[in-house]
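What follows is one structure encoded as structure tokens, with my remarks underneath.
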Amino acid sequence: VINGLHDQEARDVLRQIIFDETPLNAPSHREDLLADLEYIGVPRSRVLTAKPTRETVQAKQRLHNLIGHKEQDYDLHAMVALRMAGEVLVAEEYRHVVPKLEKRFGLTPEQSRFYAPHFYHDRKEGSEDTEIFSHTGSFESVLARMITDEQKLHVALASAQKAYDARVSFYDQFTKKHKITQAGQRAGLVLAAAGLLAYIGMSFESSSER
């Protein structure tokens with residue numbers, strides 16, 4: 001994605017996230033995930049030899065297609081998709097996972113190396129005086145600058161919807177008899193995208209007034 005972006009600030013945002021996930025002289029996020037899974041009783045060998053299901057491969061391909069290079073509005077398409085599928089919805093998922101890990105397995109947020117830190121880093125909301133780098137928040141100034149008119153806003157909304165649908169398709173394999181309904185999808189999208197759309201809307205209105 002970075003190679004296809006024209007916007008320097010967008011590139012820097014993604015570089016920072018990559019650095020955070022694979023820091024020098026510290027465990028990577030993949031290692032932190034393995035530590036949490038081992039804590040709750042999943043054998044290391046099972047994690048390392050796990051094979052993706054057909055549905056998982058298809059969901060991954062849908063997400064990959066979202067960030068495939070396009071000639072028109074690629075920066076906007078890619079940044080919205082990455083923010084929605086890779087940050088906002090991850091935090092919404094872990095909002096429910098983190099307390100369950102503590103309740104069922106005794107993995108407290110303080111002990112968690114992966115799930116709890118990811119929830120706090122990726123969530124939309126947060127204290128304004130926090131010094132924690134928010135991955136979700138790091139996209140906002142970039143997107144607000146990219147969305148300059150209603151056409152760009154429609155591009156962003158379409159990309160956000162596709163990213164949401166792709167992410168949800170992964171979970172459908174576990175709930176085949178209880179597919180998430182279209183109404184549920186719309187409600188979920190509103191929940192997950194509320195911060196983005198509110199921020200974009202206010203920025204767009206401000207620029208229009210000027």
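Miscellaneous remarks
- Extension gain for the segment D172 to L33, taken as residue separation times 0.36 nm less the Cα-Cα distance, is 47.8 nm to one decimal.
- Among 83-92, 48-57, 8-17, 160-169, sorting by the average number of other beta carbon atoms lying within 10 angstrom of each residue, highest first, gives 83-92, 160-169, 8-17, 48-57.
- Burial order of peptide ranges 94-101, 114-121 (average beta-carbon count within 10 Å, highest first): 114-121, 94-101
- Cross-link pairs beyond the 29 Å C-alpha cut-off, checked among K100/K152; K51/K100; K51/K152; K60/K152: K100/K152; K51/K152
Since every read-out is calculated from the coordinates, none of them should be taken as a lab result. What you see is a predicted model; the values in this text were computed from it and never measured. Neighbour counts run over all protein chains shown; Cβ positions are idealised from the backbone, glycine included.
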